[in-house]
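One structure is given below, encoded as structure tokens.
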Amino acid sequence: MKREKGILLKLFISMISLGTFTFGGGYVIVTLMKKKFADEYHWIDEKEMLDLIAIAQSAPGAIAVGYKLAGIPGMLVSILGTILPPFVILSLVSMFYIAFRDNIWVHSMLTGMQAGVAAVIIAVVIEMGHGILVEKNRVSVLIMVAAFILTFFLNINVVYVVIGCIVFGAVRTWSAMKKGAVQ
């Protein structure tokens, strides 16, 4: 029980720091979560992190990582640690929105942050794509290429692509289970 409390506290502090210092949403936090939980703490390996990221497409990453590390309590602590900082920050910003809206310094800062967020998202895409290509799983590569074509060239909403991938994965898993390949 003491070990679990230690993990929960460390998980909460990690998620609160990630939630406080990341701007730009889920893809930005993915790289930082990988560095913290896979590279620094070695709680999960890189392949598991990619699997959790895939799961996180249909649920926030904090849920997937927290549940993997400490079950339901870990999930709840991760969610709280992740949503608390943006909630506080956005509450404060909303109170002073009128003053911030026309401030050139705030506008310039947010514009600069957009460039930084774009760079981090590109880094995440390259890192995740590299992991899939190194694995040499033809189905994963095909899904990655198809998702890119559907969203970038055909302008299909990413929600539909994610739902399609979920259905494909479920059917593929069900088929493998039926054949006895997955338990």
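The values are calculated or read from the model by the stated rules, or taken from the named source; none is laboratory data. Computed from a predicted structure; not experimentally measured. Positions of Cβ are backbone-derived with ideal geometry, glycine not excepted, and every protein chain shown enters the neighbour counts. These area figures cover heavy atoms from the full protein model, side chains too; ligands, DNA and RNA do not enter into them. Shrake-Rupley method; radii C 1.70, N 1.55, O 1.52, S 1.80 Å.
Looking at Val77, is it of a type in the set (A, V, I, L, M), in contact with a Phe, Trp or Tyr (Cβ under 6 Å, 6 or more places away or on another chain) and at pLDDT 80 or above?
On the way: of a type in the set (A, V, I, L, M): yes; in contact with a Phe, Trp or Tyr (Cβ under 6 Å, 6 or more places away or on another chain): yes; at pLDDT 80 or above: yes.
So Val77 fits the description; yes.
Between a residue in the stretch 121-140 that is in a helix (DSSP H, G or I) and among the hydroxyl-bearing types (Ser, Thr, Tyr) and any residue that is open to solvent by less than 90 Å² (accessible area, probe 1.4 Å) and at pLDDT below 85, which pairs come within a Cβ distance under 7 Å, given they are 6 or more apart or on different chains?
What qualifies is Ser140/Ile132.
Looking only at residues that are among the polar types (S, T, N, Q) and over 20 Å from Gly131 (Cβ atoms) in the stretch 141-159, which one is most open to solvent (accessible area, probe 1.4 Å)?
Among those that are among the polar types (S, T, N, Q) and over 20 Å from Gly131 (Cβ atoms), it is Asn155.
State all residues of the stretch 1-50 that are open to solvent by 70 Å² or more (accessible area, probe 1.4 Å), modelled with pLDDT of 70 or more and under 16 Å from Gly129 (Cα atoms); if no residue qualifies, say none.
Hits for the stretch 1-50 are Glu46, Lys47.
Given (1) surrounded by 11 or more Cβ atoms within 10 Å (Cβ to Cβ); (2) under 23 Å from Lys34 (Cα atoms); (3) more than 17 Å from the chain's Cα centre (by Cα); (4) not small (Gly, Ala, Ser), where does Val162 come up short, assuming only one miss?
So the condition that Val162 fails would be (3).
Which residue, of Val145, Val124, Val158, is touching a helix residue (DSSP H, G or I) at 6+ places or on another chain (Cβ under 8 Å) and modelled with pLDDT of 85 or more? Reasoning before the result, please.
Details: Val145 fails: touching a helix residue (DSSP H, G or I) at 6+ places or on another chain (Cβ under 8 Å); Val124 fails: modelled with pLDDT of 85 or more.
Being touching a helix residue (DSSP H, G or I) at 6+ places or on another chain (Cβ under 8 Å) and modelled with pLDDT of 85 or more holds for just one of Val145, Val124, Val158, which is Val158.
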